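Right, one structure below, let's go through it.
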Amino acid sequence: MPTWLYILLGILLFFAFLLFLPVFCRITYREELKVCLEILFLRFPLYPKKEKRLKAAHKKKKGKQKKKPKEKKKTDKSASPLGQIRMLLSIIKENYPRLLTVLTMRLKRLRVTVAAEDAAKAAILYGEASLALSAFLELLEGFCDFKQDKGAVSLTPDFLGEDSSFDAVLLLHTTLWRVLGLGLRLSFSFLKHKQRAALSQAESKEADSKAAIHSPQDTNTSNP
């Protein structure tokens with residue numbers, strides 16, 4: 001086999017590896033919310049961002065540059081927000097089953113401790129929290145491909161404490177191939193709905209123009 005064919009096969013295998021590369025988004029909450037993107041051994045924190053560096057850079061820019069007057073952005077008055085919202089809802093309705101297959105959720109840990117000053121209040125809060133927790137898990141199971149580790153969920157009452165606690169770790173999993181497929185599907189449906197909207201708008205304009213042409217002739221013939 002020639003060398004160029006080996007190079008081509010290597011490039012194809014590399015792109016296939018990238019497309020089927022697993023991408024994880026880890027959402028943790030323990031006193032504060034943290035969101036981190038994980039690709040292989042690389043970790044990219046998404047939230048919270050480092051605000052100190054941003055504030056320092058912003059102060060340096062303010063010292064060097066003067067404030068410029070804000071220019072008014074031109075808005076397109078021809079675009080109807082209500083029509084765009086309807087088109088977006090119809091696109092989501094058509095691709096709703098496909099949207100559910102893109103993400104896989106895995107609950108790694110969910111520990112809730114319910115505490116109150118009074119034991120009776122703690123018991124009432126424990127019952128309400130158990131109902132809300134079961135409804136939340138059922139909602140996730142019906143929404144997408146949802147899995148949970150063994151012993152991940154725990155709800156405990158604390159009759160002696162005063163502060164409740166919440167500790168959760170949720171892992172979202174997808175691949176670039178799934179995201180690209182969904183993006184192509186959504187773009188095609190968007191173009192289809194846009195063409196339909198343009199055709200209906202053109203037809204309504206033609207009907208209005210015909211009505212405007214015939215109306216002055218009728219008024220002139222009726223008046224002597």
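I'd like the residue in region 88-120 that is modelled with pLDDT of 85 or more and basic (Lys, Arg) and, out of all such residues, is farthest from Asp158 (Cα to Cα). Checked region 88-120; the qualifying residue farthest from Asp158 (Cα to Cα) is Arg106.
Criterion first (part of a helix (DSSP H, G or I), surrounded by 15 or more Cβ atoms within 10 Å (Cβ to Cβ) and of a type in the set (A, V, I, L, M)) does Leu186 satisfy it? It is true that Leu186 is part of a helix (DSSP H, G or I), surrounded by 15 or more Cβ atoms within 10 Å (Cβ to Cβ) and of a type in the set (A, V, I, L, M).
Examine region 100-108 for a residue that is under 27 Å from Leu21 (Cβ atoms), in a helix (DSSP H, G or I) and among the polar types (S, T, N, Q), and state whether such a residue exists. Within region 100-108, one or more residues are under 27 Å from Leu21 (Cβ atoms), in a helix (DSSP H, G or I) and among the polar types (S, T, N, Q). Taken together, the criteria place His173 among residues that are modelled with pLDDT of 75 or more, part of a strand (DSSP E or B) and not β-branched (Val, Ile, Thr).
Only residues that are more than 17 Å from Thr101 (Cβ to Cβ) and either acidic (Asp, Glu) or in contact (Cβ under 8 Å) with a residue 12 or more places away in the chain (or both) were counted across region 172-196, and they come to 3. Exactly one residue among Leu160, Leu133 is touching a strand residue (DSSP E or B) at 6+ places or on another chain (Cβ under 7 Å) and either assigned to a helix (DSSP H, G or I) or surrounded by fewer than 15 Cβ atoms within 10 Å (Cβ to Cβ) (or both), and that residue is Leu133.
When you check Ile85 against the structure, is it at pLDDT below 85, closer than 30 Å to Lys194 by Cα, among the hydrophobic types (A, V, I, L, M, F, W, C) and surrounded by 15 or more Cβ atoms within 10 Å (Cβ to Cβ), yes or no? The answer is no for Ile85. Among the residues making up region 139-157, those that are closer than 22 Å to Pro22 by Cα and either assigned to a helix (DSSP H, G or I) or in contact (Cβ under 8 Å) with a residue 60 or more places away in the chain (or both) are Leu140, Glu141, Phe143. Of all the criteria given as (1) assigned to a strand (DSSP E or B); (2) without any contact (Cβ under 8 Å) to a residue 60 or more places away in the chain; (3) surrounded by 13 or more Cβ atoms within 10 Å (Cβ to Cβ), the one not satisfied by Leu125 is (1).
The values are calculated or read from the model by the stated rules, or taken from the named source; none is laboratory data. Note that the structure is predicted; figures quoted are calculated from it, not measured. Note that we place each Cβ from the backbone using ideal geometry, even for glycine, and neighbour counts take in every protein chain shown.
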